1. In nm, give the distance between the simple-model label positions of GLU244 and LEU260, each being 7 Å from the Cα along the Cα-to-Cβ direction.
2. How do CYS27, CYS203, CYS273 line up, fewest other C-beta atoms within 10 Å first?
3. In terms of modelled amide H atoms, which long-range or inter-chain residues lie less than 5 Å from the amide H of TRP269?
4. Calculate for the chain the 222 nm mean residue ellipticity that helices alone would give, adding -39,500 (n - 2.57) per DSSP H run of length 4 or more and normalising by residue count, nearest 500 deg cm²/dmol.
5. Taking θ as phi - 60°, what are the ³J(HN,Hα) couplings along region 55-71 by the Karplus curve (6.51, -1.76, 1.60), each to the nearest whole Hz, with x for Gly and Pro?
6. Which GluC sites (Glu not before Pro) does region 208-278 hold that lie in a coil by DSSP with at most 10 other beta carbons within 10 Å?
7. Any idea how far apart ARG186 and ASP104 come out in nm if each label point goes 7 Å out from Cα toward Cβ?
8. Using 0.36 nm per residue, how much length does the chain from ALA69 to ALA57 gain when fully extended, once their Cα-Cα distance is taken away?
Amino acid sequence: MSGLGLRYSRILIPRKADDEVLLGLLCRHGPLGFESAGEDLIVYFREAAAARRASEALRARRVRHTRKADIPEGDPLRAYREASRPFSVGRRLWIEPGESETADPPPGRVTLRVPASRAFGTGSHASTRLALIALEEQVLGGKTVLDVGTGSGVLALAAAGLGARFAVGLDTDADAVFVARQNLRRHAFGERVHLYAGPLAACAGKFDVVVANMLAEEILPEARRLLGRAGRRGRVILSGVTRERGPSVLAAVRRGRWTLAGRRTEGDWTSLCLARAS
C-alpha cells in the first residue's frame with residue numbers, strides 16, 4: 001500500500017484517550033479512526049487539510065496536542081487491528097475488533113465483528129459497552145430496534161444478534177453508514193439490519209427499543225424525537241452521557257409519561273433506560 005504513495009496525518013492528544021467530548025469534536029473533521037496509546041488519544045486523518053482544521057479546533061479549546069503530516073502509510077490502523085484481541089461484553093456478547101476471526105467464541109456468546117475504522121464504535125469505549133449491556137438486558141426476541149447515530153453499526157448488529165426481528169441504524173455521517181454496511185456483511189444476522197444516512201427527523205414509525213449512544217449535547221436537541229420513536233410499551237436507552245450531565249439529561253427526557261427503568265455507570269459514563277409510565 002505504501003508503494004501507492006498514500007499519506008496520512010496524525011494528531012496525538014496526551015491523557016485524553018477516554019474523552020468522549022473530544023471524540024465528538026474530532027469526528028466533525030472526518031478522521032480515519034482513533035487509537036488509544038496508554039492514556040493518550042491518537043487520531044488519524046487521510047487529508048492533511050482535515051487534520052489542520054481539527055488541530056485549529058483543538059487549539060481554540062486550548063487542548064494540548066501535536067500534529068504530524070505527510071506520513072507514508074497505506075492504512076494507519078492496520079497495526080492496531082492486527083494487534084486487537086477479542087473481548088467479552090456483558091453476559092452474551094463477544095467483540096472481535098481485529099481483522100482475523102477467532103475459531104470459536106466462548107459458549108453462549110454472540111460474536112460481533114467490528115474492525116477499527118473511521119466509524120467510531122468497536123465496543124471498547126465505556127459508553128458503547130454500557131449501551132450494549134443495556135440492550136442485552138432487554139427482551140429483544142421478535143422486537144424492533146432503532147439505533148440513532150449508528151456509527152460502526154455495532155449496536156444495531158448486537159440487537160439483531162440478540163434476537164430482534166429487525167434493527168434500523170441511522171447516522172448523519174454517510175461515510176459511517178458505508179463502513180457499517182461493510183460490517184453487516186460479516187454477520188449472518190446482518191440481513192436483519194437496515195441502515196440509512198440522514199437525520200432522525202427523516203425516520204418514521206415506532207420501535208420497541210430506541211438506543212442512542214451520543215453526547216448529551218446531541219441527545220438534548222433530539223430528546224422529543226427520540227422519545228417519540230418508541231412504541232406504546234417501548235424503551236429508550238441513552239448512553240454517551242457523562243456522570244456530570246446525567247441529571248440534566250434525565251430531567252429533560254422524563255416528561256410525565258416516562259420513568260427511569262435502569263441506570264448503569266462505568267468510570268465517568270452513564271447509560272439511562274427509560275420506560276413509558278403505566
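Here, each number is a calculation from the coordinates, and none is a lab measurement. These numbers were taken from a predicted model, which means no experiment stands behind them. Neighbour counts run over all protein chains shown; Cβ positions are idealised from the backbone, glycine included.
1. Spacing of the two 7 Å Cα→Cβ label points: 1.9 nm.
2. CYS203, CYS27, CYS273
3. For TRP269, the qualifying residues are ARG243.
4. Working: 9 runs with 75 residues, N = 278.
Taken over the chain, the calculation gives -7500 deg cm²/dmol.
5. Calculated HN-Hα couplings, in order: 4, 5, 5, 5, 5, 5, 9, 6, 8, 5, 6, 10, 10, 10, 10, 6, 8 Hz.
6. Here the sparse-neighbourhood loop sites are GLU244.
7. In this crude label model, ARG186 to ASP104 measures out at 2.2 nm.
8. Values: separation 12, 0.36 × 12 = 4.32 nm, distance 1.66 nm.
Between ALA69 and ALA57, full extension yields an extra 2.7 nm.
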